[in-house]
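Report on the structure given below.
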Amino acid sequence: MPELGESVHEGTVSRWLKKEGDTVQADEPIVEIMTDKVNTELPSPVSGVLTKIIIPEGGQVEVFHAMGIIEESGSTTTTESKAESPSAESKTNEALDVMTAPTVDSVPAPTSGERKWFTPLVMAMAKEHGLSEADLAGIPGSGEGGRVTKKDVETFLAGLKVSSAAKASPAPARRTVPAPPVADGPDRTITPLVGMRKMIAEAMVRSSQVPTVSTVTQVDVSNMVKFRERNKETFQETYGVKLTYTPFFIKALAETLTEFPLANSSLTPDNQILTTKGVHIGIAVALGAKGDEGLIVPVIRDCHSKSLIEIARDLEAIAKAARSNSLKPADVQGGTFTLTNPGTYGALFGTPMINAPQAGILGTYSIQKTPVIVDDMIAIRSIMHLVLTYDHRIIDGLVAGKFLAAIRDRLQSFDFFK
């Protein structure tokens, strides 16, 4: 498992493209890995035969650890003899291209007084929970050669919580009755929560822990609708890209974020407010022909310095990359704010969930012909709702209201080309 990004410590094997016993060529895609909701195809480092799959589909794998074993072409050594021979093991590790860090098989059992090696995932968990290296060294390792695994750290942390709870409030043990197992039947099926669906579920749970507030405004976008109707055909002929409403939303949002930098910030785990000068907007993209194969949020970078035409081109490019499953991990990282546009499928109103740790998300909803009062007369105008959901730990209601009003005013005045 290679290191696919600075903050990526593990991934999920979403699909093996080869079976045990299959012949593979060097640089031929062999396995799909899911990280940060991105499916990445990994190529085979050598030509040979896939003799063993170590991590099955749906299984987790840490960075620098083996997922499978490839017997190189021309080798007559069996997989079993490789496991017993140090030279064969070294050759296998070379084939797997994991010599940049110790693997499960290559980590020797620590001797007395020897410093233990810990995986990047274990070190990240230790940092998150305030554990020192001495604490980690005291955890009995269940991995090969006494290696401390993610499960070992979780067990240790669970023990600390139980110990603290027992000291604070001793209580008689309760007998818990396990829930009956769920089984499929003639009128229902069970689908494992794996891959992208599992990544989305975990992200939603993290975001649900943030205290958020949603605020709403109504926008008259008649000028924007008329402009698009007049120019959508010539725009595509001139610039080679479709003119949708979303680039206007992105442009108005980017300009407003530079005016309200607090909305372009995030809260770090150590309670620091991190503000970014650049505006990098994540765009929610539904996957699949029917939009029912998951959701991904690729990022358009430096929106504050791009023209409407550049934003329209970038939007079309990331949407195509997302739907063709060709995004890279970096394409979904580094976002400072998120835009979701449920209006494309007719939604009139909603309260979107923030993409933690970002401070906010803007939802743009369906444009409807609506009778409104203009200069004490009834007029038919193109009206839509904007909904801002924000982290109330960072942003107060007054700032949020001014921020949303500024976006509204930019869309209503529609002076992007002046």
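Readers should treat all values here as calculations from the given coordinates under stated rules, not as data from a laboratory. Please read these numbers as outputs of a predicted model, since none were measured by experiment. No Cβ is skipped: glycine too gets one built from the backbone with ideal geometry, and neighbour counts run over all protein chains shown.
Treating the beta-carbon of each Lys and Arg as +1 and of each Asp and Glu as -1, no other charges, what is the dipole magnitude of the range 226-294 about its Cα centre, to the nearest 20 debye? Can you show the working numbers first?
Details: 8 positive and 8 negative charges, 60 e Å.
Here the range 226-294 has a charge dipole of around 280 debye.
Evaluate the distance, in nm, between pseudo-label points positioned 7 Å from the Cα of Tyr239 and of Ile309 along their respective Cα→Cβ axes.
It is 0.7 nm.
Give me the net charge of Ile380's neighbourhood, meaning all other residues with Cβ under 12 Å from the Cβ of Ile380; Lys, Arg count +1, Asp, Glu -1.
For residues surrounding Ile380, the net value is +1.
How large is ³J(HN,Hα), in whole Hz, for each residue of the range 360-375 in order, when computed from phi with the Karplus curve 6.51 cos²θ - 1.76 cosθ + 1.60 and θ = phi - 60°, using x for Gly and Pro?
x, 9, 10, x, 10, 10, 4, 8, 10, 5, 9, x, 9, 8, 10, 6
Counting only other residues whose beta carbon sits under 15 Å from that of Ser208, what net charge do I get with K and R as +1, D and E as -1?
That works out to 0.
Check which residues have an amide H placed less than 5 Å from Ser44's amide H, if you skip close sequence neighbours.
Residues meeting the criterion, in which the H sits 1.01 Å from N, are Asp27, Glu28, Ile30.
Tabulate in residue order the Karplus-calculated ³J(HN,Hα) for the range 277-294, using 6.51 cos²θ - 1.76 cosθ + 1.60 with θ = phi - 60°, rounded to whole Hz; enter x for Gly and Pro.
My calculation for the range 277-294 gives 6, x, 9, 10, 9, x, 10, 5, 10, 7, 9, x, 4, 9, x, 10, 10, x Hz in order.
Spin-label point model (7 Å from Cα, Cβ direction): what's the Thr258 to Asp415 distance in nm?
According to this spin-label approximation, the distance is 1.5 nm.
Kindly rank 286-296, 210-220 from highest to lowest mean number of other beta carbons found within 10 Å of each residue.
Taking the mean over residues of other Cβ atoms within 10 Å, the ranking is 210-220, 286-296.
What is the mean projected area of the alpha carbon convex hull for the range 167-296, to one decimal in square nanometres?
Mean orientational projected area (the range 167-296, Cα hull): 16.8 nm².
Summing Lys, Arg as +1 and Asp, Glu as -1, what charge do residues with Cβ under 15 Å from the Cβ of Trp16 carry, Trp16 excluded?
Its environment carries a net charge of -2.
Please compute the modelled spin-label separation between Asp375 and Arg188, points set 7 Å along Cα→Cβ, answer in nm with one decimal.
Here the answer is 6.2 nm between the modelled labels.
List every residue whose amide H lies under 5 Å from the amide H of Val24, counting only residues 5 or more places away in sequence or on a different chain, with H placed 1.01 Å from N in the peptide plane.
Sorted by chain and number, the residues that satisfy this are Gly48, Val49, Leu50.
For the ranges 241-247, 341-347, what's the packing order if you count other beta-carbon atoms within 10 Å of each residue, average per peptide, and put the highest first?
Ranked from most to least packed, the peptides come out as 241-247, 341-347.
What list of ³J(HN,Hα) couplings, whole Hz, do you get for the range 403-414 from phi and the Karplus terms 6.51, -1.76, 1.60, once you set θ to phi - 60° and write x for glycine and proline?
4, 5, 5, 5, 5, 4, 5, 5, 6, 6, 6, 6
In what sequence, highest mean first, do 180-187, 298-305 appear when ranked by Cβ atoms within 10 angstrom?
By packing density, highest mean first, the sequence is 298-305, 180-187.
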